[in-house]
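The values are calculated or read from the model by the stated rules, or taken from the named source; none is laboratory data. Note that the structure is a prediction, hence the values are computed from the model and not measured. Every residue, glycine as well, gets a Cβ built from its backbone with ideal geometry; the counts of neighbours run over all protein chains shown. To get the accessible areas, we keep the full protein, side chains included, count just its heavy atoms, and leave off ligands, DNA and RNA. Shrake-Rupley method; radii C 1.70, N 1.55, O 1.52, S 1.80 Å.
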Amino acid sequence: MAGSDPARLLPFRPVDRMLLGYLAVVSVIALVRLEVRPRAGWVLAANALTAVLVYLLRDPRQGRWGRLIRAIYPIVLLPALYGALDLLNGLELRTWDPLVRSWEEALFGAQVSRIWWQTAPSAFWSTLLHAAYFGYYIIIPLPLIWFLGTGRTAAGERVVAMIVATFLICYVIFLLFPVAGPYYEFPRPTGPFVDNWAARLVYGTLAQGSSYGAAFPSSHVAATIVAAIGAGLGSRRLGLALALPTLLLTVGVVYCQMHYAVDALAGVVLAVAVAWAVARWLPAPQNAARAEA
């Protein structure tokens with residue numbers, strides 16, 4: 001059968017093309033920075049291996065587990081791509097925080113993330129919004145798991161394309177326009193405000209894997225909103241279920257002093273733009289009318 005002919009590889013999907021394009025761009029950045037950041041060589045090696053993985057996953061003989069890996073690998077790769085940012089940026093890089101803080105002052109009249117929790121401290125809201133912030137790690141993979149579990153492959157591929165496009169755009173901006181954000185620039189909240197399980201969970205997680213210079217736009221906000229939109233396009237119930245956690249996270253990144261308000265606003269704009277573009281690029285499948293109510 002033609003479908004089992006190993007010489008006829010599966011076509012590159014949109015998400016595969018996105019990843020290959022990103023790897024090419026980042027490899028150029030790594031080559032430019034290699035002399036001053038020798039660890040960029042590791043990024044070049046990892047990018048080459050990742051490109052080989054993308055190519056190999058086009059084998060039509062991959063079987064059930066291979067198909068599963070092909071479906072989920074773009075999401076699984078994202079933490080590694082995020083971690084590579086530190087190898088290319090480093091803690092000594094120049095950041096654009098003064099410029100972003102000037103935008104904050106112009107738009108809001110104050111450094112919102114710095115003064116909000118101080119002027120309106122609340123143990124309840126701190127716990128809830130820190131928990132919502134951590135909910136990001138659940139919301140991002142949830143739509144893909146849902147759609148794969150219900151056999152809605154096209155909806156799953158579309159939401160993965162939205163999420164991956166959002167992250168990759170953010171990562172390129174982080175490399176070319178690094179912003180540390182209030183998590184690094186301001187003294188961190190102390191006392192009863194962070195004396196709760198949710199805040200401790202968030203700070204413990206960030207201590208294990210936060211890349212410097214990755215604040216603008218807020219990828220937490222952008223990716224969470226785009227995941228919720230993508231979920232809603234395939235399942236109204238799932239989209240509605242994610243709406244409130246997404247709203248709380250968007251507010252929480254500012255109230256908990258993780259991002260400037262400008263970061264969050266830019267994340268909202270980016271998410272809407274990416275969701276619109278990908279929805280036009282990957283329109284709903286013919287059986288969309290049977291999407292879950």
Scanning region 22-55 for residues that are touching a residue at least 60 places away in the same chain (Cβ under 8 Å) and either among the basic types (K, R) or closer than 20 Å to A161 by Cβ (or both), which turns out surrounded by the most Cβ atoms within 10 Å (Cβ to Cβ)? V26
Across region 205-241, what is the total count of residues that are within 16 Å of the chain's Cα centre (by Cα), open to solvent by 10 Å² or more (accessible area, probe 1.4 Å) and aliphatic (A, V, I, L, M)? 5
Matching residues in region 126-157 - criterion: being out of contact with any helix residue (DSSP H, G or I) (no Cβ under 6 Å at 6 or more places or on another chain) and in a helix (DSSP H, G or I): L128, Y137, I138, L142, I145, G149, T153, A154, E157
Determine, yes or no, whether R58 is free of Cβ contacts under 8 Å to residues at least 40 places away in the same chain and surrounded by 13 or more Cβ atoms within 10 Å (Cβ to Cβ). no
Subset of region 57-104 that is of a type in the set (F, W, Y) and at pLDDT 90 or above - its residue that is nearest to G209 (Cα to Cα): Y82
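Are any residues in region 81-108 basic (K, R) and open to solvent by less than 60 Å² (accessible area, probe 1.4 Å), and if so, which ones?
Listed by number, the list holds a single entry, R101.
Are any residues in region 168-202 of a type in the set (F, W, Y), within 23 Å of the chain's Cα centre (by Cα) and open to solvent by 10 Å² or more (accessible area, probe 1.4 Å), and if so, which ones?
F177, Y183, Y184
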